Every structure is written in structure tokens, then in C-alpha cells.
Amino acid sequence: MTGDMDLSKAQRKILSSLGHQIVRFAAACDRLRIKQSSYPELAPWLQPAQAWQATAITSSGVFACQLTLDATRLVLHPIIASAAQCDAALQSLQSAAQEQTEVLAPPASLNESLWLALLHLRPLRDFWERELRRATVDSLLDLLPDAWLLDPTPLPPGSVIPRLEIASWNDLNFSSRKFIPATPAELANCLSAYPDAPGVLTSPPDISPGAVSFLSFYLKSETRVDWLGVVGRQPSADLSL
């Protein structure tokens with residue numbers, strides 16, 4: 001079921017596999033924490049094992065991804081919608097597959113910006129491709145907002161921060177695109193908190209007025225994830241991150 005959403009064949013293909021990709025990504029995040037000793041430079045962001053909040057989706061039930069359709073572009077964020085959002089929207093989905101089925105709440109840490117930054121991190125590309133396959137990594141990168149780990153360590157001469165092409169956080173141009181933290185002062189505060197409270201910089205997508213946000217529903221049963229369809233919401237000029 002796709003409600004009144006006008007989705008292309010290519011977009012339907014993306015959505016049909018997205019639920020399975022999200023489940024695999026959530027499990028891979030936990031495995032990255034297990035392997036954190038292999039990446040000592042990530043120690044400030046990857047908490048000690050006793051403080052972990054698992055990201056894996058282990059239960060069976062219905063969950064939804066929150067997306068925005070802006071012209072022909074799909075944007076995914078947050079990764080998993082809240083149980084309250086799902087409960088309200090499920091009333092409009094007429095499918096026997098959802099009768100008496102548990103609505104899964106998102107794992108507490110899966111929607112953290114940290115995972116966006118780590119997915120984009122070049123030194124981890126091999127890890128993500130081993131865990132998820134290259135096509136899945138590329139698909140998630142296309143859908144998710146950009147993000148960076150806020151490490152104040154000076155870069156080697158001639159190096160730049162990937163996708164920003166700047167040599168220092170002091171060179172970040174807040175007038176060229178949206179960022180969170182949203183001001184130079186807020187960014188400076190985040191950098192000064194390193195390494196005790198390391199931060200993440202995110203770049204929310206620019207969403208056009210009239211873009212439509214919606215929930216894409218999936219039914220997880222053991223290792224199987226089936227696409228149930230989408231429930232359109234309302235046109236929005238902004239996407240809350």
C-alpha cells in the first residue's frame with residue numbers, strides 16, 4: 001500500500017529494501033562498538049562497553065522510517081520513527097499483516113547523529129562495506145544527512161576535512177549551508193568539550209516548501225523484513241532533525 005503518495009518505480013525499489021538495510025545497519029553499529037579497539041582514534045565517541053545502549057533491532061514487529069519526498073529526492077531522518085508516530089499512522093494502513101502486531105520503538109541510540117558521522121567516515125568505509133555491502137552503504141549515504149566527528153586536532157599540512165574542503169573548523173562557512181551546531185560560538189563550545197564530551201556536526205538537508213514527509217512501514221519477523229507501504233503526512237517547509 002502506498003496511500004496517496006506519488007512514488008516512482010525507482011523510489012519504490014529504494015523503499016522496499018530500506019527496512020532490511022536499516023536492520024542490518026543497526027546491528028553493524030553494535031559490532032563497530034565491539035571492534036572499537038581496532039579504531040583507537042574513535043575512543044572518545046565509542047563509549048565503554050558497560051555504558052553501551054544497543055542499536056540492534058532484535059524484536060519482531062512493525063517499525064517505520066521517517067522520510068521526506070522533495071521533488072524526486074528522498075531524505076531519511078530520523079532513521080526510525082517513534083512508536084507514537086507509528087501508532088497514529090497505522091490506523092490508516094489496512095493490512096492483515098499488522099493486526100495484533102507489536103509496534104517497535106526505536107533503539108535509544110540508533111537515531112544519534114554519531115552514526116551518521118561514522119557511516120560517512122572514510123577510514124571506516126571498509127568496515128561498513130564488509131558488514132553491509134557496498135550497495136547498501138551507498139544507498140544509506142544517499143538518503144541520510146551528512147555529518148562529521150568534531151575533532152579539534154589540527155590536520156596535517158595540505159589536508160582538508162572531507163566534503164567540507166576546509167583545513168580547520170574555524171573556516172566553516174555557516175552562510176553557505178545549514179549546520180548543527182548552528183553558530184560559530186556553538187561550534188567552539190562543542191570543540192572545547194573534546195574529549196570528555198565529543199560532539200558531532202550535522203548538515204540538515206535543505207527541504208523545499210511543499211515537500212511531503214511520510215512514514216514507510218516495515219514488518220520484521222526474525223530475519224525477514226517486509227515492506228508494508230507508506231502513509232503520507234503533510235507538506236512541510238522544514239524537516240526537524
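Just so you know, all these numbers are worked out from the coordinates, no wet-lab data involved. Being a predicted model, the structure only gives us computed values, none of them experimental. All Cβ positions, even for glycine, are placed from backbone atoms using ideal geometry, and neighbour counts span all protein chains on display.
Against the main long axis of the alpha-carbon atoms of the chain, helix 134-143 sits at an angle near 90°.
Percent of Cα pairs in the chain per distance bin of 10 Å, from zero to the largest separation: 7, 29, 35, 21, 7, 1, 0.
Comparing mean-square fluctuations of Arg24, Arg134, Arg33 from a GNM of the chain with C-alpha springs under 10 Å, the top value falls on Arg134. A helix-only calculation puts the chain at -9000 deg cm²/dmol for mean residue ellipticity at 222 nm, using -39500 (n - 2.57) for each DSSP H run of at least four residues, averaged over all residues.
Partners of Lys13 within straight-line reach, counting lysines whose Cα lies under 30 Å from its Cα and excluding those fewer than 8 residues away in the same chain: Lys178, Lys220. Cα convex hull, the range 148-203: 73 Å³ per residue, rounded to a whole number.
Structural size metrics of the range 3-84, computed from C-alpha coordinates, are Rg and Dmax of 16.2, 48 Å.
The alpha carbon centroids of the range 152-224 and the range 66-91 are separated by 21 Å. Counted by neighbouring Cβ atoms within 10 Å, the residues Lys9, Lys220, Lys35 run from fewest to most as Lys9, Lys35, Lys220. Along its three principal directions, the equivalent ellipsoid of the range 106-212 from the Cα gyration tensor extends over semi-axes of 23, 19, 15 Å, largest first. Count Lys and Arg as plus one, Asp and Glu as minus one, and take only other residues whose Cβ is under 15 Å from that of Ala108; the net charge is then -1. Here the residues Lys13, Lys178, ranked from fewest to most Cβ neighbours within 10 Å of their Cβ, fall in the order Lys13, Lys178. In terms of other Cβ atoms within 10 Å, Tyr39, Tyr218 run from fewest to most in the order Tyr39, Tyr218.
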